Structure formats: structure tokens, C-alpha cells
Amino acid sequence: MVSVAAIVVTFNRLEKLKTVIASIEAQSHPVETLFVIDNASTDGTADYLAALTSTVPLKVVTMTENSGGAGGFSEGMLRGYASGADHVWIMDDDCYPKTDALATLISGFEGAVEELGADVPFACSVVEFTDGSICEMNNPVPTWDWARLLVKGQNNVMVTACSFVSVLIPRWAIAEYGLPYAEYFIWFDDREYTLRLTERCPGVQVMDSRVVHDMGDNRGVNFAMVDRKSLWKFSYGVRNEASWQLHHRGFLNFLEFGARLFVSLHRGRVPLDLRARLLAKWLRGITFNPLVAHVDADA
């Protein structure tokens with residue numbers, strides 16, 4: 001049987017985390033180990049996990065400080081890889097997999113490998129909102145020939161990037177491409193990492209694999225939506241994408257991203273002081289350039 005290490009990153013969402021753990025325990029294809037990365041939660045999560053008796057082998061990693069989603073996934077994937085599992089299965093603490101979500105991810109991934117070859121770097125689920133509609137912010141980016149596997153009878157769509165809401169990543173991909181940038185903290189870490197994985201071959205979205213994302217509002221994200229409450233998140237997103245555009249794509253891409261940012265902020269009538277702070281984060285991308293953390297391929 002294919003072995004899978006499940007990785008859940010959590011911060012102050014204890015009640016939702018309980019549902020995630022129960023959903024993982026109920027999987028028709030059991031996980032070999034469940035790693036819960038607690039990002040220094042202050043809501044009783046640590047005490048709950050310390051006393052929890054789970055039906056799956058559970059390992060809790062308590063971070064000394066909140067490292068964000070990026071830091072948590074980087075740590076969790078490292079732990080999952082070191083466990084010797086064939087795949088890691090990563091998700092947030094508000095992602096509720098349906099009972100057969102993992103089993104269908106594995107079968108969809110294996111079907112894609114049979115058709116495309118061994119370079120398929122990940123398989124992701126369809127992400128639904130709590131009302132059964134599509135989750136607006138978790139739609140993968142399709143390839144130009146996205147239906148290539150559909151016409152072969154598979155229920156898989158080829159994609160180049162996805163969010164970290166139920167993604168199955170094979171061991172070899174982590175060994176070759178390393179871990180997500182922990183320094184990103186939050187936002188754009190999933191996009192950068194999955195784009196990194198698909199340099200050679202697309203990933204797939206397995207249409208039979210479904211999870212529910214219990215997020216607040218079901219809407220996408222764009223820079224026209226910036227307000228004072230959300231500024232801190234957008235600040236990380238702007239810095240991280242600006243860094244990636246400049247250091248991994250080139251100066252013209254960096255300028256193009258800056259222009260798109262400026263236009264979006266203008267169209268959204270974002271207050272001028274917030275625009276200035278985000279444009280400063282765009283410039284911060286010039287000197288912000290983290291290095292890929294690699295794993296021991298012999299582990």
C-alpha cells in the first residue's frame with residue numbers, strides 16, 4: 001500500500017482543527033502518520049493535542065513562534081519526508097477532506113503517471129466551499145492542454161499551480177525541488193512552490209477528490225480588495241511575488257508586476273497611504289531573496 005504522511009498546519013483554530021483530524025481519521029486509505037504543526041497557538045491547541053488519542057499515528061510539532069503557513073508547511077514537509085513516506089499530503093487547519101479524498105488523489109496521481117510519465121509532481125483536490133459551491137480562492141491554474149487526460153478517460157485536469165489545500169506530493173519531488181520558502185511566512189508560498197514543481201511536467205487536479213474549505217467568505221483575492229484589516233496579508237503577498245518575479249523570472253517581469261499592482265490599487269480606490277505601503281513592499285522584493293531549503297535525499 002502507498003504510504004502517506006498527512007501534514008496539517010494550524011494556528012488558533014482549535015475547533016476547526018478537531019474536524020480536520022476527524023476527517024483524516026475517517027479516510028478510506030489510511031495515512032501512515034499525521035503530523036500536526038502547531039504554530040505556537042494560544043487557544044488551547046497544545047493542551048488538546050497533548051491529550052488527544054487518535055486512531056492514526058499522531059506526531060505533534062510545536063513551533064516556538066508563529067512561522068506562518070509557509071514556515072509550517074516547510075517544517076511539516078520536512079518531517080513527512082524524514083518519516084520515509086511515499087507521499088506527503090498537505091492541508092490547512094480548515095480543510096475537511098471527504099472520506100475518499102486521499103484514495104482518489106492516489107489513484108488519480110497514479111493514472112496521470114501512467115499517461116504522462118514519472119515526472120508528475122503533485123495531485124490536488126477539488127476545493128468546495130461550505131455550501132457546496134466551488135471555493136473561489138482555491139482554483140488551480142490549468143495548462144493550455146488541460147483536457148489531455150480527460151480525453152484519455154481519466155477524470156484529471158492538468159494544472160501548473162495550486163493552493164496548499166489538499167495537495168499530494170511524491171517523495172521524489174521534495175528530494176529534487178526542496179521545500180517551500182519558509183521565509184515567505186504567508187501568501188504566494190503555495191503558488192511559487194507548485195510552479196517550481198511543474199517546471200518539467202504539469203501536476204493534476206483530481207476531479208473525484210473533494211475537500212471542503214471552511215473559510216470565512218467565499219471570494220477570490222486581488223489587490224483591489226486591500227483594506228486596513230487585510231493589509232498585513234497583502235504586504236507579504238506583494239513582497240513575496242515581487243521577489244519571485246525579479247529573482248526567478250527577470251527584471252521586466254518585476255516591472256510588469258509592479259504596474260499591475262499599481263493599476264489594481266488605483267481601480268480599487270485603495271487609500272493612498274495603503275498604496276504607498278504596498279509599493280514599498282514591492283521594492284522590498286529587490287533585496288528579499290530566500291534560498292531553497294533542500295532535504296537529505298538519502299534520508
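The values are calculated or read from the model by the stated rules, or taken from the named source; none is laboratory data. Predicted model, so just to flag it, every value in this text is computed and none were measured. Because the Cβ atoms are built from the backbone with ideal geometry, glycine has one as well, and the counts that use them run over all protein chains shown.
Sub-8 Å Cβ pairs linking a first residue in segment 251-273 that is of a type in the set (Asp, Glu) to a second residue that is modelled with pLDDT of 95 or more, at least 6 apart or interchain, are Glu256/Gln245, ordered by first then second residue. Of the set (1) outside the structural domain of Asp93 (by TED's automatic domain parsing); (2) surrounded by fewer than 19 Cβ atoms within 10 Å (Cβ to Cβ); (3) not hydroxyl-bearing (Ser, Thr, Tyr), all apply to Glu176 but (1). For segment 2-55, a residue qualifies if it is of a type in the set (Ser, Thr, Tyr) and part of a loop (DSSP other than H, G, I, E, B), and the qualifying residues are Ser3, Ser28, Ser41, Thr42, Thr53, Ser54, Thr55. With respect to the conditions (1) assigned to a loop (DSSP other than H, G, I, E, B); (2) over 20 Å from the mean Cα position of the chain (by Cα), Ala85 lacks only one, and its number is (2). Pairs linking a residue in segment 147-159 that is assigned by TED's automatic domain parsing to the domain that holds Phe109 to a residue that is of a type in the set (Phe, Trp, Tyr), with Cβ atoms under 8 Å and 6 or more positions apart or on different chains, are Val157/Trp146; Met158/Trp146; Val159/Trp146.
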